[in-house]
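Just so it is clear, none of the values below were taken in a lab; they were calculated from the coordinates. Because the structure is a prediction, the values reported are computed rather than measured. Cβ placement follows ideal geometry from the backbone for every residue including glycine, while neighbour counts extend to all protein chains displayed.
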Amino acid sequence: MIVYGGEFLKEVLLIKMVRGASRIVITSHQNSDVDAVLSCYVAKRIVNELNGRATVDVITPGMNLQARRVAESLGITIEIVEGNALPQYDLCLLLDVNNLAHIGSLKDYVVSDKPVVIIDHHRPSIGMPPNALSIIDDDAVATAEVLCDIMISLGLKPSKKEAQCLLIGILSDSRRLMIGTEKTLRDVAFLLSHGASLSEAVATLSMPMSYSEKVARLKASQRVSLYSLGQWIVAVSNVGSYEASAARALVDLGADLAAVCNELNGEVRLCARAGEDFVKSTGLHLGEELERLGSMMSGSGGGHASAACATIPRRCSEVIEGFLALVSNKLKLPIKKID
Ligand SMILES: [Mn+2]
């Protein structure tokens, strides 16, 4: 840990970069989720606090349904633009993402001669802009947790609303604190002491499942193929939407590892989820594996140890086959179809 004048060097650099910029743009990954959107919102507030003269734009390449709903219920949609271009800037902040391949067409607007700051909790990827100052903690459950740490070390007090946003981000990415560390819980306590409400946060996040999400999850289980991987059970399936939710559903049904793909316009989006037991015992990191699969098949991928996705310009069957072979090789366990 590098300490500089009693503060963390990266945070000192962050302050310096924010104060030295007059046009700042904040963005995140495609299909921005709750953690991404709320982190962008709070990052804007932090930037405003550090540099009141700067113009700050939050532009995401698009929000997912839940993120849009949560942003609406918190009344912050006005602060977040969904767009496919970035304005000219002096400083670009990437939140909840460190791979430029994951910000879609906005990537073309990230220029190499302007500074970039990454604030994230995903494992550093090969797609990181080389000129970036990275504040990445891949032990944090959410980018909101990293932002909370930044506020604490800069001595900034979150408003009640900012605290609520960070709490919702943490709860969202940790499946209501099913995962997390001692620090996660200390951060939660910090947010509660600044006016955040746990029960309100849970209520904001609980969204009735849509008709089409229910159908996708049920169809995924109807179409499932099962494989044994040593003593583990792998479930693979395909859907026309909600592939991440469908993979989670298969793990909830009992699979140790699930991969669900969605083929759309000649591209496959594969989402994989793993049970905590499987991840702990095998040490497999799905984010790493899907990043490797993506680069092997001229696509891209990444994520967390137990939850990751890849986008690959191939057919479903090839991507699934590649995924199974990769996992089987990595764990040195034979893969066999279960009839
Ligand atoms: Mn996140």
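Details
- For the pair residue 267 and residue 296, the difference between a 0.36 nm per residue extended length and the Cα-Cα distance amounts to 9.0 nm.
- Spin-label pair residue 330/residue 55, simplified geometry with 7 Å Cα→Cβ offset, distance in nm: 4.4
- Angle between the chain longest axis and helix 34-50 axis [Cα atoms, degrees, rounded to 10]: 20
- Residues listed by number, the range 174-196, amide nitrogen under 14 Å from residue 137 label point at 7 Å toward C-beta: 180-191
- 16 Å reach of a label modelled at residue 241, 7 Å along Cα-to-Cβ, counting backbone N of the range 58-97: 63-69
- Span from the the range 263-339 Cα centroid across to the the range 62-111 one, whole angstrom: 26
- Cut-off 10 Å between beta-carbons: net charge of the residues surrounding residue 33, Lys and Arg +1, Asp and Glu -1: -3
- Modelled label positions at residue 82 and residue 211, each set 7 Å beyond Cα in the direction of Cβ, lie 2.0 nm from each other.
- Residue-span extension gain [residue 105 to residue 69] - 0.36 nm each, minus C-alpha spacing: 10.6 nm
- In sequence order, calculated HN-Hα J values of the range 66-78 (Karplus, 6.51, -1.76, 1.60; Hz; x Gly/Pro): 5, 4, 5, 4, 5, 4, 5, 5, 8, x, 10, 4, 4
- Given their separation in residues at 0.36 nm each and the Cα-Cα distance between them, residue 16 and residue 185 gain 57.9 nm when the chain is fully extended.
- Helix-only mean residue ellipticity at 222 nm for the chain, each DSSP H run of n ≥ 4 adding -39500 (n - 2.57), per residue, nearest 500: -13000 deg cm²/dmol
- Where labels lie 7 Å past Cα in the beta-carbon direction, separation of residue 337 and residue 157 in nm: 6.5
- If R0 is 45 Å, the Cβ-Cβ spacing of residue 317 and residue 231 corresponds to a FRET efficiency of close to 0.95.
- The fraction of all Cα pairs in the range 3-205 landing in successive 5 Å bins from 0 to the largest distance is 1, 8, 17, 22, 22, 17, 9, 3, 0, 0, given as whole percents.
- By the compact-protein rule of thumb, 2.2 N^0.38 Å, the alpha-carbon radius of gyration of the range 214-338 corresponds to a ratio of 0.93.
- Local electrostatic count, residue 242, Cβ distance below 12 Å [Lys/Arg +1, Asp/Glu -1]: +3
- Put simply, the chain fits an ellipsoid with semi-axes of 34, 21, 19 Å; these come from the alpha carbon gyration tensor as the roots of five times its eigenvalues, largest first.
- Peptide ranges 195-203, 310-318 listed from the most packed, as the mean C-beta count within 10 angstrom indicates: 310-318, 195-203
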